[in-house]
Amino acid sequence: MIEFSGVNKWFGSLHVLRDISLTVARGEVVVVCGPSGSGKSTLIRCINGLEPFQSGRLLVDGTDLADRKALLRLRTEVGFVFQSFNLYPHKTALENVTLAPIHVRRLSRAQAEERGRALLEKVGLADKMDSYPHQLSGGQQQRVAIARSLCMQPKIMLFDEPTSALDPEMINEVLDVMVGLAREGMTMMVVTHEMGFARKVADRVIFMDRGAIVETAPPETFFTAPAHARTRDFLSKILHQ
Amino acid sequence: MVWFYLERIFGYWPVLLKGMGMTIGLSLLSLVIGVAIGFGFGIIRAGRNRWAARALGLYIDFFRATPFLVQVFIVFFILPQVGIELSAFAAGVVALSNMAACFIGEIVAAGLKAVPPGQSEAALASGMTRAQQMRLVVMPQAVRIITPSLVGQFVLLIKDSSVVSAIGLLDLTRSGWLIVQSVPNGLLVFGIVGVGYFIICYPLIHLSRRLERRGQAAFL
């Protein structure tokens, strides 16, 4: 479904992705963690073309990311959830969710709204359809953002630190939605430090440092017997804070 | 004595009314054209094509940095020498809407840049084209941000339209010039002309203030 081979990216002289090779299969849930500045956000932003890269090859759902013309179509198949939600402040929750289905997927308003209502119900916001983002809590906003991505019926969902901007008491309402999604068989890549989430649903956990993938392992191995010293060091910092 | 002059000035009410009509018509037409071109300018100025943005920036700065009277003279006296013959009215509209477009263009560009980059990223990530992203997501938010300054710019446009009396258009200011030739009391005549402008502009100033208050309440 997602296939990196030898991908490199530089910001000026800064080497932010070093020779990334990684394959994610259909239905797989992969958690990416690592210290800040390790390139994990950049990694998943490459997958829907929000970040260009300079060398290597990246195939997503059979589409080569080098093909800028296919990018628009590819983005309709890949959902992206941002750390800062990025809901449209001038639109209600339901309008946020239906905007792209109407204008990009060309659904009728009625069809889009039917789908949008069902998804907002699914993320527990049946009573917030007509609220504007500024009337919603952070956790509610992020759930609207997830519903907005799902309304395009994507094949892959990418999450860029979806709970990092949330107050602690709101983290679980968002994670619960993501766990449900993972159990339905969605292909997911999630940048997060929520290790409980990783233990519960991840098929693999990836540790990145200084732009490179240091370690890849199933969660039980990753947390109990990490192979690399840098992984152990990182885990001891985030698990015993 | 004052009453005598006032009576005589108001005897010229058809001229005053005609002048006011010209001022409103000229401003309105230039406003519509200036807004249309100004939004285009703003999109280019805030756009990804650096060279187009810079070239346009130079053009805009030229008109922001030269007196409007000079611009009117350029359009009215110099363009005919290169074969572009314009009536006084057309010249007035061209000069006014060009200047309005330049100022509005900078306002629109500032508004577009004030919309957080996460907004266009979210739009792009959902598969929208650049045009859809602009039309559906970025521009509506920019318009909310800039509406008060835009209305303020309209007020400036109406006042600047008085300069076109210099090329012979019978606007509100020129109607004052005409009247003062037979009623030798400049203070009274131009006082009344001033009140005419005030009547047009004051509601707009109020509107701008109200929009500003409402704008601060939005998005919180």
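Yes or no, residue by residue, for (1) touching a helix residue (DSSP H, G or I) at 6+ places or on another chain (Cβ under 8 Å); (2) polar (S, T, N, Q); (3) at negative phi; (4) within 14 Å of another protein chain (Cβ to nearest Cβ):
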residue: B:A131; (1), (2), (3), (4): no, no, yes, yes
residue: B:M134; (1), (2), (3), (4): yes, no, yes, yes
residue: B:M139; (1), (2), (3), (4): yes, no, yes, yes
residue: B:R144; (1), (2), (3), (4): yes, no, yes, yes
residue: B:S161; (1), (2), (3), (4): yes, yes, yes, no
residue: B:A166; (1), (2), (3), (4): yes, no, yes, no
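Taking the conditions exactly as written (at pLDDT below 90 and assigned to a loop (DSSP other than H, G, I, E, B)), does B:S208 satisfy them or not?
Working: at pLDDT below 90: yes; assigned to a loop (DSSP other than H, G, I, E, B): no.
Criteria not met by B:S208.
Can you tell which of B:F62, B:F41, B:F77 is more than 25 Å from B:I179 (Cβ to Cβ) and at pLDDT below 90?
Numbers: B:F62 fails: at pLDDT below 90; B:F41 fails: at pLDDT below 90.
None of the others qualify; the one that does is B:F77.
Take the residues in the range A:61-104 that are more than 13 Å from chain B (Cβ to nearest Cβ) and of a type outside the set (D, E, K, R), then tell me which one is surrounded by the fewest Cβ atoms within 10 Å (Cβ to Cβ).
The residue in question is A:G62.
Output the residues belonging to the range A:33-43 that are more than 19 Å from B:E121 (Cβ to Cβ) and not small (G, A, S).
Result: A:C33, A:P35.
Condition first: charged (D, E, K, R) and surrounded by 15 or more Cβ atoms within 10 Å (Cβ to Cβ). Can you find one or more residues in the range B:2-9 that meet it? Quick ask: steps written out before the conclusion?
Here is the first cut: in the range B:2-9, the residues charged (D, E, K, R) are B:7-8.
Next, only the ones that are surrounded by 15 or more Cβ atoms within 10 Å (Cβ to Cβ) stay: B:8.
Taking every residue of the range B:2-9 in turn, at least one turns out to be charged (D, E, K, R) and surrounded by 15 or more Cβ atoms within 10 Å (Cβ to Cβ).
Restricting to the range A:183-208, count the residues that are among the acidic types (D, E) and surrounded by fewer than 21 Cβ atoms within 10 Å (Cβ to Cβ). Explain how you work it out, then say what you get.
The first filter runs over the range A:183-208 and keeps only residues among the acidic types (D, E), leaving A:184, A:194, A:203.
So of that shortlist, the ones also surrounded by fewer than 21 Cβ atoms within 10 Å (Cβ to Cβ) come out as A:184, A:203.
Summing the residues that are among the acidic types (D, E) and surrounded by fewer than 21 Cβ atoms within 10 Å (Cβ to Cβ) in the range A:183-208 gives 2.
Rundown of residues vs (1) in a helix (DSSP H, G or I); (2) closer than 22 Å to B:R45 by Cα; (3) among the charged types (D, E, K, R), yes/no style:
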| residue | (1), (2), (3) |
| --- | --- |
| B:P80 | yes, no, no |
| B:A90 | yes, no, no |
| B:A95 | yes, yes, no |
| B:C102 | yes, yes, no |
| B:G105 | yes, yes, no |
| B:G118 | yes, yes, no |
| B:E121 | yes, yes, yes |
| B:Q132 | yes, yes, no |
| B:A142 | yes, yes, no |
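Report, by residue number, each residue of the range B:24-64 that is crowded, with 18+ Cβ neighbours inside 10 Å and polar (S, T, N, Q).
B:S27, B:S30
Go through the range A:118-137 and report how many residues are within 20 Å of the chain's Cα centre (by Cα) and buried (at least 17 other Cβ atoms within 10 Å of the Cβ).
Here the count works out to 3.
For the range A:140-191, what are the residues that are on the phi > 0 side of the Ramachandran plot and not small (G, A, S)?
Kept after step one, since they are on the phi > 0 side of the Ramachandran plot, are these residues of the range A:140-191: A:153, A:161, A:185.
Hits for the range A:140-191 are A:Q153, A:E161.
Among residues belonging to the range A:123-139 that are in contact (Cβ under 8 Å) with a residue 40 or more places away in the chain and in a helix (DSSP H, G or I), point out the one that is farthest from the other protein chains (Cβ to nearest Cβ). First the steps, then the outcome.
To start, the set of residues in the range A:123-139 that are in contact (Cβ under 8 Å) with a residue 40 or more places away in the chain comprises A:123-124, A:132-134, A:136, A:138.
Next cut, in a helix (DSSP H, G or I) only: A:133-134, A:138.
On the way: A:P133: 9, A:H134: 6, A:G138: 14 Å.
Only one residue fits best here, namely A:G138.
For the range A:53-73, which residues satisfy the criterion of being in contact (Cβ under 8 Å) with a residue 12 or more places away in the chain, charged (D, E, K, R) and under 20 Å from A:D19 (Cα atoms)?
Within the range A:53-73, just A:R57 meets the criteria.
From the list A:P154, A:P168, exactly one residue is over 17 Å from A:N86 (Cα atoms), within 12 Å of chain B (Cβ to nearest Cβ) and surrounded by fewer than 24 Cβ atoms within 10 Å (Cβ to Cβ). Which is it?
Among A:P154, A:P168, only A:P154 is over 17 Å from A:N86 (Cα atoms), within 12 Å of chain B (Cβ to nearest Cβ) and surrounded by fewer than 24 Cβ atoms within 10 Å (Cβ to Cβ).
Inside the range B:94-140, can you point out the residues that are closer than 30 Å to B:L169 by Cα, polar (S, T, N, Q) and either touching a strand residue (DSSP E or B) at 6+ places or on another chain (Cβ under 8 Å) or buried (at least 23 other Cβ atoms within 10 Å of the Cβ) (or both)? Please lay out each step first, then the result.
Pass one, the range B:94-140, residues closer than 30 Å to B:L169 by Cα: B:94-107.
With the extra rule that they be polar (S, T, N, Q), the set shrinks to B:97-98.
Once the filter is applied, which keeps residues that are closer than 30 Å to B:L169 by Cα, polar (S, T, N, Q) and either touching a strand residue (DSSP E or B) at 6+ places or on another chain (Cβ under 8 Å) or buried (at least 23 other Cβ atoms within 10 Å of the Cβ) (or both), the range B:94-140 yields only B:S97.
Please enumerate the residues belonging to the range A:184-196 that are within 22 Å of A:I47 (Cα to Cα) and in contact (Cβ under 8 Å) with a residue 12 or more places away in the chain.
If we filter the range A:184-196 for residues that are within 22 Å of A:I47 (Cα to Cα), which is where we start, we get A:184-194.
Across the range A:184-196, the qualifying residues are A:G185, A:M186, A:T187, A:M188, A:M189, A:V190, A:V191, A:T192, A:H193, A:E194.
The values are calculated or read from the model by the stated rules, or taken from the named source; none is laboratory data. Keep in mind that what you see is a predicted model, and the values were worked out from it rather than measured. Reconstructed Cβ throughout: ideal geometry from the backbone, glycine too, with neighbour counts over all protein chains shown.
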